[in-house]
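Nothing in this text is a laboratory measurement; each read-out follows from the coordinates by a stated rule. None of the values given here were measured: they were computed from a predicted structure. Cβ coordinates were reconstructed from backbone atoms using ideal geometry, including for glycine residues, and neighbour counts include every protein chain displayed.
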Amino acid sequence: MDAKDILGLPKSSFPASQEKKPRPPKESQRKPDGVSREVYALTGGLAPLMPSIEVSHLKKRPPPENKEKVTWQWLPFTSSARTDNLQLYHWVRVVNGVPPTGDYAFAKYNKSVDVLKYTDEEYEKHLTDPTWTKEETDQLFDLCERFDLRFIVIADRFPTSRTVEELKSRYYGVSRALKIARAPSFADVSGHPLVKERYNVAHEVERKRALSSVLSQSKQQELKNAEILVEAKRIMELRVINKTEEVDMPVSTTNIETTDKAANQAEPISPSSNAQPSPPAAAPPTLGTDSNSTPASLRMLRVYLRTHVLEQTVQAASSTAGLRTIKRVDQTLQDLGVHLKPKVPTKSVCAEHLELRKEIITLLNLQKQLQNKEAEVSANRENSYVETPGTPKRTYRGDTDRPFIPESVGFGGERVGKRDHKRKTSGRFSDAPPSPPQSKRPRKLKASDG
């Protein structure tokens with residue numbers, strides 16, 4: 001028994017007439033090519049907004065406009081670089097059955113040296129040398145033309161024992177003499193490398209010897225040579241710095257003397273002899289020993305920017321001054337209508353700009369010293385003041401027999417002690433007549449006294 005039996009309901013919730021009818025099977029639609037499965041499931045086979053192109057169409061090559069038939073054929077060829085007309089074969093790309101024409105493609109890379117030729121008359125007139133015969137000279141020029149001035153190979157093939165330097169000297173000497181002899185004038189061939197630069201046998205031998213000694217050095221020798229070079233560089237830098245300091249010494253001395261004179265003129269005289277002298281003020285910072293010259297670090301450079309020199313000099317001068325002083329200098333320049341950096345940084349303009357900065361720093365230091373002196377004088381003057389005379393001391397009640405003693409007065413007329421000043425109030429001074437002395441109360445008489 002279940003709930004339906006208790007309620008008297010039929011077993012089936014729906015009558016037989018309302019049973020679900022089987023749906024007719026849908027016609028299966030084939031997914032078109034070029035559309036992914038997810039996109040086809042979302043669109044339901046609807047026509048796309050944009051026309052789609054199948055991938056198979058993209059893979060197809062477009063038909064060529066001009067159909068060319070390309071083949072590779074084994075054909076003979078000759079090269080203009082060869083003098084024996086040797087015929088060789090290679091594969092050639094043939095288009096529409098027409099083989100390529102022209103010279104061999106790599107014949108243009110066959111470069112040769114133009115070696116001068118001389119006649120017997122020229123040799124006897126200009127080229128004779130006691131250490132060389134005509135036969136050796138002819139053999140040398142033939143080998144130079146054959147091996148394209150590769151003198152290592154020429155020295156190996158030369159019949160007599162000659163060094164590479166000797167072969168070079170003879171060849172370049174003969175070529176130079178021929179150039180000069182065949183020219184109308186020496187000025188016409190003076191710019192030629194063979195005429196302008198004569199071959200130096202001694203220098204070439206020394207160069208090779210030095211190169212051989214460098215290549216044959218050990219690790220210890222290389223480290224020692226490196227240390228020697230570093231030490232030599234350091235010594236040269238010290239010499240340059242010492243020369244710069246010697247040149248700039250008169251300039252720094254003049255600046256110090258000018259600053260000392262300005263400080264002595266600005267120092268005021270103390271108004272009181274009892275005041276202690278203030279410690280000497282520090283000298284105002286100057287713009288360095290080389291304010292009118294280039295710094296030593298830039299003298300070693302051949303080319304530099306003057307604005308860079310100006311910035312370094314200003315930074316060196318500002319290193320001794322505080323940040324507040326630097327800002328006051330910049331503010332003073334702006335008040336005067338002067339640019340912080342000159343627009344046309346010539347040598348004279350930069351010198352005047354640095355001189356103006358130096359004078360502003362000196363002025364600010366003098367103003368600071370004046371303020372310190374004025375504050376010192378004011379403090380000494382306040383400490384020297386005392387109470388004004390004519391103010392009698394107050395009298396207390398019952399002090400009729402106490403004598404009147406006036407207080408000490410000073411230069412300013414003020415009271416000496418602050419404590420006495422607080423005790424005394426207005427209206428209670430000794431100008432008013434003192435109260436008369438009061439008599440004692442009479443004592444009561446006792447019975448024993450009567």
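Listing for the model above:
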read-out	value
Rounded if a/c under 1.5, otherwise prolate or oblate - the range 147-194, Cα gyration tensor axes	prolate
In Å, descending, principal axis extents of the Cα set of the range 303-355	34, 25, 14
Sites Arg182 and Glu246 - FRET efficiency at Förster radius 51 Å, r taken between beta-carbons, to 0.05	0.30
Full-stretch length increase - Glu231, Trp91 - with 0.36 nm per residue and alpha-carbon distance subtracted	43.8 nm
Distance (nanometres) between label positions extended 7 Å along Cα→Cβ at Arg324 and Tyr40	8.6
Net charge contributed by nearby residues that have their C-beta within less than 12 Å of Leu238 (K/R +1, D/E -1)	+1
Isotropic mean projected area of the C-alpha convex hull, the range 120-215 (nm²)	7.5
Pair Asp335, Leu149: separation of 7 Å Cα→Cβ label points (nm)	7.5
Cα gyration tensor, the range 59-182 - rounded (a/c under 1.5), prolate or oblate	prolate
Lysine pairs with alpha-carbon atoms under 17 Å apart, the range 120-215, spacing 8 or more or separate chains	7
